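All remarks here apply to the structure that follows.
The values are calculated or read from the model by the stated rules, or taken from the named source; none is laboratory data. Values in this document were obtained by computation on a predicted structure and should not be read as measured data. Positions of Cβ are generated from backbone atoms using ideal geometry, with glycine treated the same way; all protein chains shown enter the neighbour counts. Side chains are part of the model used for accessible areas, which takes the heavy atoms of the whole protein and leaves out ligands, DNA and RNA. Shrake-Rupley method; radii C 1.70, N 1.55, O 1.52, S 1.80 Å.
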Number of protein chains: 2
Amino acid sequence: MGNNLPEWRSRLASALHRNRAKHHSRYFQLATVSPEGLPKNRTVVFRGFLESTNTIQIITDSRSQKAAQIFNQPWGEICWYFTKTREQFRISGYLQLVDCDNDDLELIAARKAAWQKISDNARSQFMWPNPGEARSDDLTLFTPETPSAHEPVTNFCLLLLTPQKVDHLELREEPQNRRLYQLQSNGNWTIQTINP
Amino acid sequence: MGNNLPEWRSRLASALHRNRAKHHSRYFQLATVSPEGLPKNRTVVFRGFLESTNTIQIITDSRSQKAAQIFNQPWGEICWYFTKTREQFRISGYLQLVDCDNDDLELIAARKAAWQKISDNARSQFMWPNPGEARSDDLTLFTPETPSAHEPVTNFCLLLLTPQKVDHLELREEPQNRRLYQLQSNGNWTIQTINP
């Protein structure tokens, strides 16, 4: 990334700012493809950008189905709809799962920082029984000892999406504004104004 | 479908009712897979159920990329997050595009009914220049003559998603409630309570 933020970053920052009163403005839907070639879609929480990059941070559990899906097809598309300003960002790019075995010093630090930033309550959920399995009757399993706030548990993963294409649609305008941003091999972003 | 609605329909009806004050509660994100095997994700509007079925109705333009994606992989996953009650439905199933060439009498009627239900403004958008192409400078193209409210234009499509699996997550509860509903070959739905 050069010194300047691409235009879509400013537009996204503006959307986040103008919708900040709504907690759900930091939630978006992430689509992936299963090993069988089927689309999967779930709501996740925006955890900011990886420092000095355009890479979007998400957190996930290595026991979730996302992990296997990403291993098979490391591409995702975020659909992020802002309810107050009525605008949508579709952001597609490479996915990278940063798990406890990662040996990149910067990514190890980013995973640790993400763990430290979440609440005790959010951290405890990584100690819960395996997601997707038959519900445990033993409710004490859902009130584990609070894990260390300093060192992430092994199943805690940082999930990174590095955008290659961003499609921004503003529904308020008539006709609606739609801009397509695409990353070039030289690191620059092209901008096209397209029909909605 | 038997005489009784499956349980997930009641839960979805309840979510729609309790979130009815928010217009965006009728929007959800639909994930599909592109011919290249990549995930695609966009916000669409819920247009009710096809009469006497569990099939979800959406409308789309035959000129949109969705159409080609569905032809190649007729499977979709809806992620529907209700912001007020903090619950998510992930609904996956078969997709069927009902275009102007469809010869099923019931589907022809459903497509026509969907066209008649939308606003003049929404109908006009189907007359706009090709979506995704470079933006026309000629703004008059975005104020076409209002099309007939009776007969759908040829590029207007009804898009149907027939659910096979529904994953309902309630975030308000502690621990969160999560139920998985799956359609069996005999037409019944199984219900499993699973770990969130």
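Would you say residue B:157 is away from chain A (no Cβ under 14 Å) and in contact with an Asp or Glu (Cβ under 7 Å, 6 or more places away or on another chain)? If you could, list the steps in order and put the result at the bottom.
On the way: away from chain A (no Cβ under 14 Å): yes; in contact with an Asp or Glu (Cβ under 7 Å, 6 or more places away or on another chain): yes.
Yes: the conditions hold for residue B:157.
Cβ-Cβ distance below 6 Å, separation of 6 or more or different chains: which pairs start in the stretch B:124-142 with a residue that is at the interface with chain A (Cβ under 7 Å from one of its Cβ atoms) and end on one that is hydroxyl-bearing (Ser, Thr, Tyr) and open to solvent by 40 Å² or more (accessible area, probe 1.4 Å)?
Partner pairs satisfying both residue conditions: B:135/A:193.
For the stretch A:126-150, what are the residues that are in a helix (DSSP H, G or I) and closer than 26 Å to residue A:75 by Cα?
As a first pass, look at the stretch A:126-150 and keep what is in a helix (DSSP H, G or I): A:126-127, A:139-142.
Hit for the stretch A:126-150 is A:126, nothing else.
Which of the residues spanning the stretch B:4-62 are over 25 Å from residue A:90 (Cα atoms) and of a type in the set (Val, Ile, Thr)?
Answer for the stretch B:4-62, where residues must be over 25 Å from residue A:90 (Cα atoms) and of a type in the set (Val, Ile, Thr): B:53, B:55.
So which strands (runs of 3 or more DSSP E) are wholly in the stretch B:1-119 and hold at least 1 residues that are within 14 Å of another protein chain (Cβ to nearest Cβ) and open to solvent by 70 Å² or more (accessible area, probe 1.4 Å)?
On the way: elements: B:27-33, B:39-45, B:56-61, B:75-82, B:87-98.
Strands (runs of 3 or more DSSP E) meeting the threshold: B:87-98.
What residue, among those in the stretch B:165-186 that are open to solvent by less than 40 Å² (accessible area, probe 1.4 Å) and part of a loop (DSSP other than H, G, I, E, B), is modelled with the highest pLDDT?
For the stretch B:165-186, the residue satisfying everything is B:176.
Is the stretch B:56-71 home to any residue that is within 30 Å of residue A:166 (Cα to Cα) and acidic (Asp, Glu)? Let's see the steps before the verdict.
Looking only at the stretch B:56-71, we keep the residues that are within 30 Å of residue A:166 (Cα to Cα), and these are B:56-71.
Imposing the further condition that a residue be acidic (Asp, Glu) reduces the set to B:61.
Among the residues of the stretch B:56-71, at least one is within 30 Å of residue A:166 (Cα to Cα) and acidic (Asp, Glu), which makes the answer yes.
For the stretch A:145-196, which residues satisfy the criterion of being of a type in the set (Ser, Thr, Tyr) and free of Cβ contacts under 8 Å to residues at least 12 places away in the same chain?
Step one: list which residues in the stretch A:145-196 are of a type in the set (Ser, Thr, Tyr), which gives A:146, A:148, A:154, A:162, A:181, A:185, A:190, A:193.
A:148, A:185, A:190 - these are the residues of the stretch A:145-196 that are of a type in the set (Ser, Thr, Tyr) and free of Cβ contacts under 8 Å to residues at least 12 places away in the same chain.
All but one of (1) part of a strand (DSSP E or B); (2) open to solvent by less than 40 Å² (accessible area, probe 1.4 Å) hold for residue B:162; which doesn't?
(2)
Would you check if there is a residue in the stretch A:143-152 being within 14 Å of chain B (Cβ to nearest Cβ) and open to solvent by 30 Å² or more (accessible area, probe 1.4 Å)?
Looking only at the stretch A:143-152, we keep the residues that are within 14 Å of chain B (Cβ to nearest Cβ), and these are A:143-144.
Pick out the ones that are also open to solvent by 30 Å² or more (accessible area, probe 1.4 Å) and you get A:143-144.
Scanning the stretch A:143-152, I find at least one residue that is within 14 Å of chain B (Cβ to nearest Cβ) and open to solvent by 30 Å² or more (accessible area, probe 1.4 Å), so the answer is yes.
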